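Colleague: What follows is a structure written as structure tokens; I'll ask about it next.
The values are calculated or read from the model by the stated rules, or taken from the named source; none is laboratory data. Because the structure is predicted, anything quoted here is derived from the model rather than measured. Backbone-built Cβ (ideal geometry, glycine too); neighbour counts: all protein chains shown. Accessible surface areas use protein heavy atoms only, side chains included; no ligands, DNA or RNA. Shrake-Rupley method; radii C 1.70, N 1.55, O 1.52, S 1.80 Å.
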Amino acid sequence: MSTPAIALPIAGEQRRSPSLKRFAREYSFAFALVLSLALLIANVIAQPDFGWKDQLATFAPLAVAAMASTPSIISGRGGFDLTISPLMTFISVLFVTWLIPAGLGGAVSVPILLLIGAAIGALNGILIVGLRVPPMVVTLSTYFVFIGLDLKLVDTPKTVDHSWTQHLAHDVGPIPGALFTIAMPLLIWFALGRLPWRSALFAVGSNDATAYSSGVNVNLVRVGAYALGGLFAAVGAFALTGLVSSVDSSQASAYTLVAIAGVALGGTPLTGGRGGILGSLLGASVIYLVESLLSALQINTTWLQIVYGAALLIAVVASARLTTVNVKEGK
């Protein structure tokens with residue numbers, strides 16, 4: 001009786017598969033990077049008069065909204081912060097209706113509004129960890145609160161004249177102003193990489209029970225994640241005010257879902273524990289460039305909603321696949 005042949009995996013396949021999976025985990029933003037470059041080239045070809053400065057200014061609020069949505073998602077436990085978009089509008093409302101009339105519309109407004117944004121984000125975090133209520137429930141509630149406040153404070157669009165924020169949509173010296181608002185969250189995020197907090201954030205998002213048993217203050221780390229998102233949202237408020245030179249409360253929810261789609265496209269799993277704001281920036285650029293290309297080709301932009309849904313579905317499936325691989329490998 002002959003012994004049945006046993007199919008052995010090819011050595012090259014054994015080496016290749018783990019390395020590809022490892023690459024996908026370590027460089028989860030790679031897909032968004034490649035797609036962004038391809039879409040950028042397609043846009044330049046479709047639009048010979050592609051204006052870099054104007055495009056950056058229009059892109060900046062979306063980019064910052066996506067980056068602001070990222071820390072809470074990384075913190076795990078379904079940490080979606082749905083208040084980012086209306087909070088950006090609320091900060092802009094405070095700037096236009098409170099600080100400028102009070103003579104505080106200059107450089108002093110920056111630390112004031114950044115602190116307000118961080119405090120509001122921290123309040124969301126405190127409600128979540130203190131009341132032990134799911135983040136979706138808390139931030140959806142505060143989402144409606146800020147939508148109402150925005151409409152109450154500014155029921156019709158209010159124009160901003162002769163404000164320094166207008167430079168953020170044009171130039172600050174020889175540099176496009178939008179680069180400052182896009183770069184600020186990146187610089188803060190990379191600076192935090194030198195502190196234990198960011199490592200603790202990933203640990204909490206991956207497994208908060210294990211992180212707690214290792215001595216990590218899970219609640220404090222999560223509150224910090226929401227505070228950081230609020231801080232970034234305040235930066236987005238400056239980008240938004242500079243872009244439109246006004247405040248329009250009817251657009252307070254404009255970046256809510258699209259920002260989360262950008263986070264998912266950028267490779268940050270919606271289950272938390274991995275990712276980063278660089279990927280969210282690239283994911284947001286994919287969405288923006290798709291919209292720009294559809295507009296240039298005169299294709300109905302309602303297709304963009306299909307793109308959002310497909311992007312989220314693909315990102316969730318890919319994230320679930322990588323998570324399964326991590327579990328099997330004991331990582």
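Colleague: Only one of these is over 21 Å from the mean Cα position of the chain (by Cα), farther than 30 Å from Asp208 by Cβ and either modelled with pLDDT of 90 or more or not in a helix (DSSP H, G or I) (or both): Leu94, Leu127. Name it.
Modeller: Among Leu94, Leu127, only Leu94 is over 21 Å from the mean Cα position of the chain (by Cα), farther than 30 Å from Asp208 by Cβ and either modelled with pLDDT of 90 or more or not in a helix (DSSP H, G or I) (or both).
Colleague: Testing Ala225 on (1) in contact (Cβ under 8 Å) with a residue 40 or more places away in the chain; (2) open to solvent by 10 Å² or more (accessible area, probe 1.4 Å); (3) among the hydrophobic types (A, V, I, L, M, F, W, C); (4) not in a loop (DSSP other than H, G, I, E, B), one condition comes back false. Which one is that?
Modeller: So Ala225 meets the others, but not (2).
Colleague: Quick one: what pairs do we get from region 252-277, first residue within 18 Å of Ala60 (Cβ to Cβ), second at pLDDT below 85, C-beta under 6 Å, 6+ apart or different chains?
Modeller: Between residues of region 252-277 that are within 18 Å of Ala60 (Cβ to Cβ) and residues that are at pLDDT below 85, the close pairs are Ala261/Tyr308; Ala261/Ala311; Ala261/Leu312; Leu265/Ala311; Leu265/Ala315; Gly266/Phe29.
Colleague: Which residue pairs have Cβ atoms under 6 Å apart, sit 6 or more places apart or on different chains, and have a first residue in region 95-120 that is open to solvent by less than 40 Å² (accessible area, probe 1.4 Å) and a second that is β-branched (Val, Ile, Thr)?
Modeller: Val96/Val160; Val96/Val247; Leu113/Ile91; Gly117/Ile91
Colleague: Are any of the residues in region 82-89 in contact with a Pro (Cβ under 8 Å, 6 or more places away or on another chain), at pLDDT 95 or above and in a helix (DSSP H, G or I)?
Modeller: yes
Colleague: Do the conditions hold for Gly230, that is, is it closer than 20 Å to Met88 by Cα, in contact (Cβ under 8 Å) with a residue 12 or more places away in the chain, open to solvent by less than 70 Å² (accessible area, probe 1.4 Å) and not hydrophobic (A, V, I, L, M, F, W, C)?
Modeller: Answer is yes for this residue.
Colleague: Looking at region 164-183, which of its residues are among the small types (Gly, Ala, Ser) and either under 22 Å from the mean Cα position of the chain (by Cα) or crowded, with 16+ Cβ neighbours inside 10 Å (or both)?
Modeller: Ala169, Gly177, Ala178, Ala183 - these are the residues of region 164-183 that are among the small types (Gly, Ala, Ser) and either under 22 Å from the mean Cα position of the chain (by Cα) or crowded, with 16+ Cβ neighbours inside 10 Å (or both).
Colleague: Please specify each residue of region 184-219 satisfying the condition of being in a helix (DSSP H, G or I), aliphatic (A, V, I, L, M) and exposed (fewer than 14 other Cβ atoms within 10 Å of the Cβ).
Modeller: Leu187, Ala191, Ala209
Colleague: Here is a further query. Just need a number here: residues in region 271-312 that are at pLDDT 85 or above, part of a loop (DSSP other than H, G, I, E, B) and of a type in the set (A, V, I, L, M).
Modeller: 0
Colleague: Looking only at region 147-163, which residues are open to solvent by less than 20 Å² (accessible area, probe 1.4 Å) and either within 14 Å of Leu127 (Cβ to Cβ) or not in a helix (DSSP H, G or I) (or both)?
Modeller: Correct list: Val154, Val160, Ser163.
Colleague: I'd like the full set of residues that are farther than 16 Å from Ser109 by Cα and in contact (Cβ under 8 Å) with a residue 60 or more places away in the chain, limited to region 162-183.
Modeller: Within region 162-183, Ala169, His170, Asp171, Pro176, Gly177, Ala178, Leu179, Ile182 meet the criteria.
Colleague: Being of a type in the set (Val, Ile, Thr) and crowded, with 20+ Cβ neighbours inside 10 Å is the filter here, so list the residues in region 32-81 that pass it.
Modeller: Within region 32-81, Val64, Thr70, Ile73, Ile74 meet the criteria.
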